[in-house]
There are 2 protein chains.
Amino acid sequence: MWLRPERPPRDRRLEREQIVGVAVAILDAEGHQGLSMRRVAAELGVTAGALYWYVANKNEMLELALDAVLGEVQVPDPGMDWRAALAALAHSHRRMLLRHPWVLTDLSTQPNLGPNALALTEAGLAILAGAGFADADLDAALAAVNDHVIGAVAAELAWRATMRTAETGPGEWLEQAEGYLRRIRENHPMLARRMAATSDVDVHTESERRFAFALDCLLDGLAARLRRR
Amino acid sequence: MWLRPERPPRDRRLEREQIVGVAVAILDAEGHQGLSMRRVAAELGVTAGALYWYVANKNEMLELALDAVLGEVQVPDPGMDWRAALAALAHSHRRMLLRHPWVLTDLSTQPNLGPNALALTEAGLAILAGAGFADADLDAALAAVNDHVIGAVAAELAWRATMRTAETGPGEWLEQAEGYLRRIRENHPMLARRMAATSDVDVHTESERRFAFALDCLLDGLAARLRRR
DNA sequence: ACCTGAACACCGTTCAAGT
DNA sequence: ACCTGAACACCGTTCAAGT
């Protein structure tokens, strides 16, 4: 009887927080591919079925994970200039997405009504309303900035994915790519020039530059609409 | 011996085109969830293993599907004004993404160097180069427009996903949502106002309006940069 | 109330073996 | 050259049964 292990006490109970914490950690490390209910359960020292006591299904777990990381976005001080505030919000949003690249997939797939998501749009609306936007223009202005953030991050991730396939298997890949690239150069003169000029830039800093460029264009356009009223 | 079926002739052979065609059809109808190698194979009257003769793995099949639908985007006439041409390209791009919502997931995940993807960026570069953009600004300007397209579609799809969960299970969902929505109204005044004003708009037309709004802001910003040189 | 263990109906991928 | 059939190592989800 001394051999029989103690009955697991009450504090061994899971919490939703622990589950989403483990899920986010796995997603960060290995992406959606690495995430399985069985894996999360194992990491918590529990059977897969146990998770279904706390969560209806995998999709719901993803919704929770999504809102959890949305909480990492920093809302700027209310006293700031609207352009600076909006830019700060966009940059913080972008940095969060780059820390958790798996989120991008969920952002177009999952309904997104968690508390952190709502707080974030409230913050954005407040900034733009303070600047003078109202009604339908207010919605459109906020959407414009948000859309740019997630579009830009999607492009950066795709770029990185491309670089990754080019780096793994450098021997054979480069040989096969050789002929393909020559045809590109012949049929796509503009692209060829830009590829040559961009071949050895740092993906991260160049992505950041493009992000800031487009954001500035957008804010200029918004400011112009504001003056027109 | 008369009962023995005829040996399948040569034309029974698969082609990559058929495979991606079936894959795209399944993805359009049921999304990534419905796509499996076994399902594609079955639809072609063949075993799952047979696909691996034409395609290295599921991921490669997705790359092919991605480039296939990118071919649907219409490149505008070269004679057009650059703003009109760019807007036409963006709108056609957007419409394609809405026809094939599953593409959005791949756009941030898959390397994207297929022939149609390249032709599309070549077209975009040509338009912007014709307008007067060059060097790093050229890259950034095209990225700005592309990012807006995919960001806007991502937002529209997320909106639709949210509406879908609100519609299915109307009884219980609305009851539970009642308390949640009241807290939203209390803690998020701006959001509450916008939700009330937007509650009965058509998602599609409103998304289109926001898309055009942001695109116009962006093009204004780009035009301003052009005048400054 | 909370978890296990086993089961069900699936997956992607590999590979000998056939034709 | 092209495909089958079977196998391997996985999945998400359910649910009686335990404690």
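The values are calculated or read from the model by the stated rules, or taken from the named source; none is laboratory data. Bear in mind that the values here come from a model prediction, so they are computed numbers and not experimental data. A quick note on method: Cβ atoms are made from the backbone with ideal geometry, for glycine too, and the neighbour counts reach across all protein chains shown.
Couple of notes before you dig in:
- B:L142 surrounded by 15 or more Cβ atoms within 10 Å (Cβ to Cβ), in contact with a Gly (Cβ under 6 Å, 6 or more places away or on another chain) and modelled with pLDDT of 95 or more: yes
- Segment B:53-65 - residue that is surrounded by 15 or more Cβ atoms within 10 Å (Cβ to Cβ) and more than 14 Å from every other protein chain (Cβ to nearest Cβ) and, of those, nearest to DNA strand D (Cβ to nearest atom): B:Y54
- Applying a threshold of 8 Å to beta carbon distances and a minimum spacing of six or more residues, or different chains, the list of pairs starting in segment A:95-114 at a residue that is farther than 16 Å from B:T105 by Cβ and ending at one that is assigned to a loop (DSSP other than H, G, I, E, B) reads A:M96/A:E72; A:M96/A:V73; A:R99/A:E72.
- Of the helices (runs of 4 or more DSSP H) lying entirely inside segment B:31-101, those containing at least 2 residues that are modelled with pLDDT of 95 or more and near DNA strand C (Cβ under 9 Å from one of its atoms) span B:37-43, B:48-51, B:58-70.
- If the condition is being assigned to a helix (DSSP H, G or I), aliphatic (A, V, I, L, M) and more than 7 Å from every other protein chain (Cβ to nearest Cβ), then segment B:120-137 contributes B:L120, B:A123, B:I127, B:L128, B:A131, B:A136.
- Residue match in segment B:103-116 (condition: among the charged types (D, E, K, R), surrounded by 18 or more Cβ atoms within 10 Å (Cβ to Cβ), more than 7 Å from every other protein chain (Cβ to nearest Cβ) and under 21 Å from B:E63 (Cβ atoms)): yes
- Filter result for B:A214 (among the aliphatic types (A, V, I, L, M) and buried (at least 20 other Cβ atoms within 10 Å of the Cβ)): yes
- Set A:A85, A:A48, A:A68, A:A90: member being within 14 Å of DNA strand D (Cβ to nearest atom) and not basic (K, R): A:A48
- The helices (runs of 4 or more DSSP H) found wholly in segment A:144-229 and carrying at least 2 residues that are facing chain B (nearest Cβ under 10 Å) and within 30 Å of A:V103 (Cβ to Cβ) occupy A:189-198, A:203-227.
- Conditions (1) without any contact (Cβ under 8 Å) to a residue 60 or more places away in the chain; (2) over 18 Å from A:R94 (Cα atoms); (3) not small (G, A, S); number of the one not met by A:R225: (1)
- Only one of B:V153, B:V149 that is touching a Gly at 6+ places or on another chain (Cβ under 8 Å), at pLDDT 95 or above and closer than 20 Å to A:E156 by Cβ: B:V149
- In a residue-by-residue description of segment A:166-182, the property of being crowded, with 16+ Cβ neighbours inside 10 Å and touching a helix residue (DSSP H, G or I) at 6+ places or on another chain (Cβ under 7 Å) applies to no position.
- Pairs meeting the criteria (first residue in segment A:30-54 and of a type in the set (D, E), second residue modelled with pLDDT under 95 and near DNA strand D (Cβ under 9 Å from one of its atoms), beta carbons under 9 Å, at least 6 apart or on different chains) are lacking.
- Filtered residues of segment A:30-42 (kept if more than 7 Å from DNA strand D (Cβ to nearest atom) and closer than 14 Å to A:A65 by Cβ): A:E30, A:G31, A:H32, A:G34, A:V40
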